[in-house]
Amino acid sequence: YNFHGSGALRNWIRCSTDDPAKISTAEMTSRLQAGQIVMSTGPFMTVSLSDPALQVDAQIGDTVTLSASDATLNVEIQCANWLDINRVEVFINGEPQPELSRRRSTHPDSFGQGVVKFRQSLPLKIEADSFVIVAAIGERLQLGRVMGEKEGKRQPVVVSNPIYVESPR
């Protein structure tokens with residue numbers, strides 16, 4: 001193995017481009033201050049919230065007002081070929097939503113075998129001012145030897161910052 005000790009925890013920051021040469025320090029600072037971040041030990045996740053009242057989907061760190069209590073939560077999780085996830089949880093105001101919970105053992109059709117491990121649009125009911133967080137884990141899995149002797153024993157985990165939802169007034 002050739003693990004150098006950095007990168008055990010990663011912060012994926014939402015930005016305007018996938019081209020690293022075009023990313024500015026000012027944009028990264030602004031995005032960090034806005035909470036547009038996903039914390040991960042390896043998996044990459046995007047989360048958005050769709051609603052007819054929104055011209056564009058809400059992203060992690062955004063605050064939006066919905067037209068009704070029904071919305072759609074779009075979650076995609078990607079992994080390198082040396083790690084996997086097998087459980088996805090949705091939290092509203094810090095409370096797990098069992099009806100939105102997905103495990104590879106109980107919802108095998110929700111999970112993929114390639115780079116995209118999970119891609120689902122989940123119906124979301126939000127009754128009042130709330131925040132939505134998504135987390136995923138590779139339960140009983142390890143990051144593996146590519147991460148070195150110590151860090152390789154950790155589980156693949158990814159957690160989004162919230163999307164904030166305000167009720168229509």
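Numbers at a glance
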item	result
Positive-end residue, the chain charge dipole about Cα centroid, Cβ charges, pick of Thr17, Gln55, Asn81	Asn81
Spin-label pair Asp19/Lys153, simplified geometry with 7 Å Cα→Cβ offset, distance in nm	4.5 nm
Whole-percent pair-distance distribution, where bins are 5 Å wide, for the alpha carbons of the stretch 69-109	5, 17, 25, 27, 15, 8, 2, 1
Candidates Asp19, Asp51, Asp70, ranked by Gaussian network fluctuation over the chain, Cα under 10 Å, top entry	Asp19
Under the Karplus curve 6.51 cos²θ - 1.76 cosθ + 1.60, θ = phi - 60°, whole-Hz ³J(HN,Hα) for the stretch 37-45, x wherever Gly or Pro sits	9, 10, 9, 8, 9, x, x, 10, 9
Spacing of the two label points (7 Å from each Cα toward its C-beta) at Ala68 and Asn11, in nm	3.9 nm
Whole-number Å³ per residue for the convex hull built on Cα positions in the chain	135 Å³
Qualifying lysines (Cα of each under 30 Å from Cα of Lys153; at least 8 residues distant if same chain)	Lys117
Surface share of carbon and sulfur [accessible, 1.4 angstrom probe, percent] for the chain	51 percent
Separation in nanometres of the label points that stand 7 Å from Cα toward Cβ, at Val115 and Arg140	3.0 nm
Counted charge near Met45, where neighbours are those whose Cβ lies closer than 14 Å (Asp, Glu -1; Lys, Arg +1)	+3
Sites excluded, GluC sites (Glu not before Pro) in DSSP loops with at most 11 other C-beta within 10 Å, longest stretch of the chain	1-126
Local net charge near Asp70, Cβ-Cβ under 14 Å (Lys/Arg +1, Asp/Glu -1)	-2
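The values are calculated or read from the model by the stated rules, or taken from the named source; none is laboratory data. What you are looking at is a predicted structure, and each value in this text was computed from that prediction instead of being measured. Using ideal geometry, Cβ is built from the backbone for each residue, glycine included, and neighbour counts are taken over all protein chains shown. To get the accessible areas, we keep the full protein, side chains included, count just its heavy atoms, and leave off ligands, DNA and RNA. Shrake-Rupley method; radii C 1.70, N 1.55, O 1.52, S 1.80 Å.
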